[in-house]
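One structure below.
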Ligand SMILES: [Zn+2]
């Protein structure tokens with residue numbers, strides 16, 4: 001499962017960050033995943049909770065989608081999209097391609 005390898009990768013990022021803060025206990029974790037990264041948000045959240053529960057107690061994991069940006073060919077308006085089709089909210093024309101929305105990053109760590 002793709003999401004599980006992503007969750008394990010996030011787990012090692014978290015472990016590196018925590019190593020810089022001795023004595024801190026991890027309580028929460030936020031991850032932002034691009035809407036077009038190919039990662040299933042729900043599945044990743046589940047996998048992260050499994051990975052975190054193996055290493056830490058009671059960590060709350062939150063995974064949020066990050067939309068991409070498309071630009072209308074007709075009127076030039078830029079707008080956020082999180083799924084196809086990419087139609088301009090102003091004129092309804094299809095937009096060409098999408099920028100962004102393919103990232104994956106740890107947005108925050110909560111420690112105490
Ligand atoms: Zn338009």
Do we have any residue at all in the stretch 65-78 that's closer than 18 Å to residue 106 by Cβ, more than 10 Å from the ligand (Cβ to nearest atom) and at pLDDT below 95?
yes
Of 46, 86, 36, the only residue that is within 16 Å of the ligand (Cβ to nearest atom) and either surrounded by 15 or more Cβ atoms within 10 Å (Cβ to Cβ) or closer than 25 Å to residue 9 by Cβ (or both) is 86
Residues that are under 13 Å from residue 6 (Cα atoms), surrounded by fewer than 20 Cβ atoms within 10 Å (Cβ to Cβ) and in contact (Cβ under 8 Å) with a residue 40 or more places away in the chain: does the stretch 49-64 have at least one?
yes
Note on the stretch 64-112: residues within 30 Å of residue 21 (Cβ to Cβ) and in a strand (DSSP E or B) are 64, 65, 66, 104, 105, 106, 107, 108, 109, 110, 111
Is it the case that residue 22 is within 16 Å of the ligand (Cβ to nearest atom) and modelled with pLDDT under 95?
no
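Please find, within the stretch 1-12, the residue that is farthest from the chain's Cα centre (by Cα) out of those that are surrounded by fewer than 15 Cβ atoms within 10 Å (Cβ to Cβ) and closer than 17 Å to residue 56 by Cβ.
12
The values are calculated or read from the model by the stated rules, or taken from the named source; none is laboratory data. As the structure is a prediction and not an experimental result, all values here were calculated from the model. Neighbour counts run over all protein chains shown; Cβ positions are idealised from the backbone, glycine included.
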